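Since the structure comes first, as structure tokens, the remarks are kept for the end.
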Amino acid sequence: MDISKILEYQKLDSNLYSIEKNIRNSEHKKKANSMHENMRNAQAKSVKLEQRAGALIAEIDKVKKQLKTQNDKLTEFMSKDLSKMTKEELDNIESLKNKLSQNLNILEKNLTTLAENVNSVLADFNKTIKVFNSSKDEYAKAKKSYDDHIKGVEQEKVEIEKKLKSLEKNIDGKLLEAYKKRRGENIFPIVVALNGNSCGGCHVELPFANIVKLDSEGILICEHCRRIIYKP
């Protein structure tokens, strides 16, 4: 089998493969992806913080209502005419007053703690928003650089693809199909020369039966790396 055309095709295709690899491994792309992930995480965190702040504010409102209720009760007791009460009633009033005072102290402490928690959540929220905005700016810069990179090589890619299309007319259909299948699997180079009795791609030694098959058919698919082997 004449494989000179597929070798010519692969030589040209290696330029296209190199361009595509550079695009895939672009630092601008990696940074854009990283900043996008930061934005996504910051957005998710901000939603949770908003929910947390809402829950705390609702709890504060609840405590404030409880405080008002306790204050009203205490005011009511303090406004009673003590001179007309028996000792037992006075003792009950004093006991209730002490309990109300204790409840008020507890509620005031709870309110202070809740207020501190709200402030902490708001501070964390502000930091998260700053991270989001910073990541957004960096993402925009990285994406522009990545897009500019793609635009810079687009014409070269188009020209190579046109030449490859033209070369395809002179290549055996089955061989080209096998080549493209491995190209899609990101195997490169795809067509490699036999090196001694080993595959020129993965360097695994071939069984004698495979060497005989290669001699008779002109090409052989490596059982290890799936490259197309030819005998120079």
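The values are calculated or read from the model by the stated rules, or taken from the named source; none is laboratory data. For clarity, every value in this text was computed on a predicted model and none was experimentally measured. Don't worry about glycine lacking a Cβ; one is built from the backbone with ideal geometry, like all the others, and counts go over all protein chains shown.
List of remarks:
- Cβ separations smaller than 9 Å between residues 6+ apart or across chains give the following pairs from the range 189-215 residues that are in contact (Cβ under 8 Å) with a residue 40 or more places away in the chain and surrounded by 14 or more Cβ atoms within 10 Å (Cβ to Cβ) to residues that are in a loop (DSSP other than H, G, I, E, B) and aliphatic (A, V, I, L, M): 191/3.
- Top-ranked residue in the range 105-126 [being of a type in the set (A, V, I, L, M, F, W, C) and within 30 Å of the chain's Cα centre (by Cα); ranked as surrounded by the most Cβ atoms within 10 Å (Cβ to Cβ)]: 121
- Unique match (being outside any loop (DSSP other than H, G, I, E, B) and at pLDDT below 95) among 192, 212: 212
- Residues of the range 153-180 that are among the polar types (S, T, N, Q) and within 36 Å of the chain's Cα centre (by Cα): 155 alone.
- Of everything listed in (1) among the polar types (S, T, N, Q); (2) surrounded by 15 or more Cβ atoms within 10 Å (Cβ to Cβ); (3) outside any helix (DSSP H, G or I), the single unmet condition for residue 135 is (3).
- Out of 121, 153, sole residue that is touching a Lys or Arg at 6+ places or on another chain (Cβ under 7 Å) and of a type outside the set (Lys, Arg): 121
- Some residue of the range 184-192 being farther than 16 Å from residue 15 by Cβ and hydrophobic (A, V, I, L, M, F, W, C): yes
- Residues of the range 137-192 classified as hydrophobic (A, V, I, L, M, F, W, C) and within 30 Å of residue 38 (Cβ to Cβ), total: 4
- Of the residues in the range 54-75, none is among the aliphatic types (A, V, I, L, M), touching an Asp or Glu at 6+ places or on another chain (Cβ under 8 Å) and modelled with pLDDT of 85 or more.
- Residues of the range 35-49 that are under 17 Å from the mean Cα position of the chain (by Cα) and in contact (Cβ under 8 Å) with a residue 60 or more places away in the chain: 35, 36, 38, 39, 42, 43, 45, 46.
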